[in-house]
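The values are calculated or read from the model by the stated rules, or taken from the named source; none is laboratory data. Everything quoted here is computed from the prediction, not taken from an experiment. Using ideal geometry, Cβ is built from the backbone for each residue, glycine included, and neighbour counts are taken over all protein chains shown. Protein only, heavy atoms only, side chains kept; ligands, DNA and RNA dropped before computing areas. Shrake-Rupley method; radii C 1.70, N 1.55, O 1.52, S 1.80 Å.
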Amino acid sequence: MTNEKTIISVLLCDDHPLVRDGLRSCLELYDNIEVIGEATTGAEALAKAEELRPDVVLMDINMPELNGLDATEIFAEKYPEIKLLILSMHNNREYISSALRYGARGYVLKDVPSQEVVAAIEAVHLGGTYFSSGVSKILMSYQDSDVEGPLTTREQTILLLLAEGKSNKHVALELDISVRTVETHRKNIKRKLDISSTAGLTRYAIENGLLSS
C-alpha cells in the first residue's frame, strides 16, 4: 500500500519579483507543495484564484491597486474554501488584528525560515491556524476590547451601497457575491455600529463622510 502525500496547491501574491522567486525556489524543495501561480496585486490574486482554485494563498500586505488585507477580506467572502496565509514584514498589532478580522487563517513574518512557512501552509490547509512566534507574542497581549474594531473596507463599501438605498439583491449583484453574504455583512455592520435601521445607516454614512447629503 502506498502512502502518498497530499499535494497542497499554493498561489503566491507579492509585488516584489525577488520575493516571489525566492519563495517559489524554497517551496519547490518540498514534494507536498506545488506553486501553481503568482500575482503581483490583490486584484490579480483574486483573478488567478478564480482560474486556478489554489488550496492556499500566500499573501503580502503592501501592494498596489488592492492591498493584501482588503484582498483577504474579499477572498474570505467569495472563496471561503481557499485558505489565506499572510506573509509580511509587518509585526505591528494593527496589521495582525486587521488580518484576522478580514479572514486570514495565519500570519507569518518574512524573516522566518522556509520550514516554518511550509509548516504554516500545512496547518492552514488542514483547517487550523498558524502564527509565527513573534506574532504569537503580540496576539497574547490582545485584550477582548481590541478584537472588535471599526468597519472593514468591505463593510464600508456595503454600508455605502445600502445607504444609497440599494437592496441586498442589488448589492449582491454589484459586488458579485451572494445575497446571504450581503445579509451577513449588513447584520455585522448594524451590530458594530449599534444601529438598527437603514435610515440610521444612511445618517451614519453622511455624518462620517461616506455619503453626500
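Here is a check on your reading of the model: is V118 more than 14 Å from C13 (Cβ to Cβ) and in a loop (DSSP other than H, G, I, E, B)? So V118 does not fit the description; no. Is there a residue in the range 58-70 that is among the charged types (D, E, K, R), touching a residue at least 60 places away in the same chain (Cβ under 8 Å) and either open to solvent by 20 Å² or more (accessible area, probe 1.4 Å) or part of a helix (DSSP H, G or I) (or both)? Yes, that holds for at least one residue. Remark: V56 matches the filter, which requires a residue to be at negative phi, in contact with a helix residue (DSSP H, G or I) (Cβ under 9 Å, 6 or more places away or on another chain) and among the hydrophobic types (A, V, I, L, M, F, W, C). Selection of the range 1-55 for residues being within 18 Å of V112 (Cα to Cα), open to solvent by 50 Å² or more (accessible area, probe 1.4 Å) and not hydrophobic (A, V, I, L, M, F, W, C) yields H16, D21, R24, S25, E28, Y30. Considering the range 120-135, and only residues there that are more than 21 Å from P80 (Cα to Cα) and surrounded by 12 or more Cβ atoms within 10 Å (Cβ to Cβ), the residue that is modelled with the lowest pLDDT turns out to be G134.
Exactly one residue out of E77, E51 is assigned to a helix (DSSP H, G or I), under 25 Å from I177 (Cβ atoms) and in contact with a His (Cβ under 9 Å, 6 or more places away or on another chain), and it is E77.
Among residues of the range 149-202 being of a type in the set (D, E) and in a helix (DSSP H, G or I), the one that is most open to solvent (accessible area, probe 1.4 Å) is E174.
Within the bounds of the range 97-113, is there any residue that is part of a helix (DSSP H, G or I) and either over 23 Å from T184 (Cα atoms) or at pLDDT 90 or above (or both)? The answer is no; no qualifying residue exists.
Pairs only if they're at least six apart or on different chains, beta carbon under 7 angstrom, first in the range 20-47 and touching a residue at least 12 places away in the same chain (Cβ under 8 Å) and closer than 18 Å to A123 by Cα, second open to solvent by less than 30 Å² (accessible area, probe 1.4 Å) and hydroxyl-bearing (S, T, Y); list them, first residue then second. If the second residue must be open to solvent by less than 30 Å² (accessible area, probe 1.4 Å) and hydroxyl-bearing (S, T, Y), the pairs left are E34/S9.
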